[in-house]
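Asks: Sending over a structure as structure tokens; questions will come in a sec.
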Amino acid sequence: MVRREIEEILLKAGVENASQEANWLVKHGKGDVRDMVNRRINGEPLQYIIGEWEFYGYVFKVGEGAFIPRPETELLVDAAKEHAPELVLDLCAGTGCVGIALAKETGCKVAAVEKSAKAFGYLKRNITLNNAESRVKAIKGDVLNLRRDFQGFDCVLINAPYLSAREMAALQKEVTYEPYEALYGGGDGLEFYRGFFGVWGRFLKGAKLFACEVGDGQAGRICRLMRDIGLSPKIKKDFNKINRVVYSTQT
């Protein structure tokens, strides 16, 4: 299949960025481009089909069971870089994109915690892929039931599941391929974060920086949860002017 033919097929299937995606499929296809195109027009995410995606200028392996890195999540890395952390906790790490990118950018040490077995496999692969073995340690565990001592860590970052039941019911088809547990944050989208602040509240008060990604319209409620545990939250907007990252700093 030639590139123009692929683009036309994608356009007819309603793929928005048909021209760019055709380029990606041609670039990554190895004799099986037609199968890749069929997978794409059936709704499978492009990132899963080509097996990798870029985040903060670094390449990360992705696939079934791994949450796909998003551009807005780069704000977590930006927030951390501003405060020059030394020891970082990357919670709900998924592919490891946040912690690995931050380690590469600043030279900090990172403990990346992930619960899912499939995602944990990608986390370990991406640490190796990005030559970050000396900086990033993968820890398999449940953030809400983690029996470890993390005293001494000066920065905590988390991109937790935050979609509501209503949002889950209205997902685009390609997003439904991504792991449910990485998307659904409970009925109103904030059940996970409520549990998180209940477990981690005392620890977060001692961190130089805590930052979390939140959904559209959730920042105000997250700020209230953070104030309840003694933090003073601030907000960063993403490139669409959505309140996307809520963070607090301690001197």
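The values are calculated or read from the model by the stated rules, or taken from the named source; none is laboratory data. Computed from a predicted structure; not experimentally measured. When we count neighbours, we look across all protein chains shown, and the Cβ atoms used for this are built from the backbone with ideal geometry, even at glycine. Heads up: the accessible areas ignore ligands, DNA and RNA and are worked out on the full protein's heavy atoms, side chains in. Shrake-Rupley method; radii C 1.70, N 1.55, O 1.52, S 1.80 Å.
Asks: Explain nothing, just compute: Karplus ³J(HN,Hα) = 6.51 cos²θ - 1.76 cosθ + 1.60, θ = phi - 60°, for every residue of region 76-86 in order, whole Hz, x for Gly and Pro.
Replies: Once θ is set to phi - 60°, the couplings for region 76-86 become 5, 5, 4, 4, 5, 4, 5, 10, 6, x, 10 Hz.
Asks: If you don't mind, there's one more thing I want to ask. Taking H as built 1.01 Å from N, whose amide H comes closer than 5 Å to the amide H of E178, not counting residues under 5 places away?
Replies: HN-HN under 5 Å from E178: empty list.
Asks: Which of the trypsin sites (Lys or Arg not before Pro) across region 134-196 are loop residues per DSSP, with 13 or fewer other Cβ within 10 Å? Could you put the intermediate results ahead of the total?
Replies: Working: sites: R135, K137, K140, R147, R148, R166, K173, R194; in loops: R135, R147, R148.
Those that pass, being in a loop and sparsely packed, are R147, R148.
Asks: Residue by residue, what Karplus-based ³J(HN,Hα) values in Hz, rounded to whole numbers, does region 238-245 have, using 6.51, -1.76 and 1.60 with θ = phi - 60° and x for Gly and Pro?
Replies: 8, 5, 9, 6, 8, 5, 10, 10
Asks: Multiply the residue gap between D32 and M168 by 0.36 nm, knock off their C-alpha separation, and tell me the result in nm, one decimal place. Mind dumping the intermediate values first?
Replies: Numbers: separation 136, 0.36 × 136 = 48.96 nm, distance 3.23 nm.
Length gained, D32 through M168: 45.7 nm.
Asks: Would you mind working out the accessible area per residue for the chain, using a 1.4 Å probe, and quoting it in Å²? Show your work: numbers first, answer last.
Replies: On the way: 12170 Å² over 251 residues.
In whole numbers, the chain has 49 Å² accessible per residue.
Asks: Right, here's the next one. In region 13-61, what GluC sites (Glu not before Pro) fall in a loop by DSSP, with at most 16 other Cβ atoms inside 10 Å? Provide the component values of the computation, followed by the final result.
Replies: On the way: sites: E16, E21, E52, E54; in loops: E16.
Listed in order of number, the matching sites are E16.
Asks: Check which residues have an amide H placed less than 5 Å from V156's amide H, if you skip close sequence neighbours.
Replies: Answer set, sorted by chain and number: L89, L209, F210, A211.
Asks: Helix 117-129 sits at what angle to the longest principal axis of the chain, using alpha carbons and giving 0 to 90 degrees rounded to 10?
Replies: 90 degrees
Asks: Using only the Cα atoms of region 26-131, build the gyration tensor, take square roots of its eigenvalues as a ≥ b ≥ c, and label the shape rounded, prolate or oblate: rounded if a/c is under 1.5, else prolate if a/b is larger than b/c, else oblate. Write down the numbers at each step before the final one.
Replies: Numbers: a/c = 2.43, a/b = 2.08, b/c = 1.16.
Since a/c reaches 1.5 and a/b is larger than b/c, the shape of region 26-131 is classed as prolate.
Asks: Starting from the Cα of Q250, step 7 Å toward the Cβ, then list every residue of region 143-175 with an amide N under 12 Å from that point.
Replies: 151-156
Asks: Here are labelled values, [x] -0.98, -1.07, -1.20; [y] -0.82, -0.94, -1.18; [z] -0.87, -1.01, -1.31, and one is the computed log10 I(q)/I(0) by the Debye sum over Cα atoms at q = 0.13, 0.14, 0.16 Å⁻¹ for what I pasted. Which one?
Replies: Here log10 I(q)/I(0) by the Debye sum over Cα atoms at q = 0.13, 0.14, 0.16 Å⁻¹ agrees with entry [y].
Asks: Of all GluC sites (Glu not before Pro) in region 74-117, which ones are in loop regions per DSSP and have a Cβ with at most 16 other Cβ atoms within 10 Å? Don't skip to the end; give the middle numbers.
Replies: Working: sites: E74, E82, E86, E105, E114; in loops: E82, E86.
Of the GluC sites (Glu not before Pro), the ones in loops of region 74-117 whose Cβ has at most 16 other Cβ atoms within 10 Å are E82, E86.
Asks: Excluding residues fewer than 8 places away in the same chain, name every one of the lysines whose C-alpha is closer than 16 Å to that of K104.
Replies: Counting by Cα, and skipping residues close in sequence, K104 has these lysines nearby: K81, K124, K137.
Asks: Please report how far the C-alpha centroid of region 14-48 lies from that of region 209-224, rounded to the nearest whole angstrom.
Replies: Comparing the Cα centres of region 14-48 and region 209-224, I get a distance of 34 Å.
Asks: Tell me what the chain gives for mean residue ellipticity at 222 nm when only DSSP H runs of n ≥ 4 count, each as -39,500 (n - 2.57), the sum divided by the residue total, rounded to 500 deg cm²/dmol.
Replies: Details: 11 runs with 99 residues, N = 251.
About -11000 deg cm²/dmol.
Asks: Given a 1.4 angstrom probe, I'd like the percentage of the accessible area of the chain that is carbon and sulfur, rounded to a whole number. Present the calculation step by step, with values, prior to reporting the outcome.
Replies: Details: 5620 of 12170 Å².
Solvent-exposed carbon and sulfur of the chain make up 46 percent of the total.
Asks: Once you charge only the Cβ atoms, +1 for Lys and Arg and -1 for Asp and Glu, what is the size of the charge dipole of region 1-115 about its Cα centre, to the nearest 20 debye? Display every interim value, and only then the final one.
Replies: Details: 14 positive and 19 negative charges, 70 e Å.
The dipole of region 1-115 has a size of about 340 debye.
Asks: Of all alpha-carbon pairs in region 107-251, indicate the percentage at a distance above 22 angstrom. Write out the running numbers ahead of the final one.
Replies: Working: 4732 of 10440 pairs.
Value for region 107-251: 45 percent of Cα pairs lie more than 22 Å apart.
Asks: Next question, about the same structure. Please work out the Cα convex hull volume for region 191-242 and give it in Å³ per residue.
Replies: So the per-residue Cα hull volume is 75 Å³.
Asks: Here's a follow-up. Take the alpha carbon atoms of region 107-150, find their center, do the same for region 53-81, and report the distance between the two centers in whole angstrom.
Replies: Region 107-150 and region 53-81 have Cα centres separated by 14 Å.
Asks: Pop out the ³J(HN,Hα) list for region 12-22 in order, Karplus 6.51 cos²θ - 1.76 cosθ + 1.60 with θ = phi - 60°, rounded to Hz; leave Gly and Pro as x.
Replies: 5, 7, x, 6, 5, 9, 4, 5, 5, 5, 4
Asks: At 1.4 Å probe size, put K30, K237 in order of accessible surface, largest to smallest. Provide the component values of the computation, followed by the final result.
Replies: Values: K30 180, K237 110 Å².
In descending accessible area the options line up as K30, K237.
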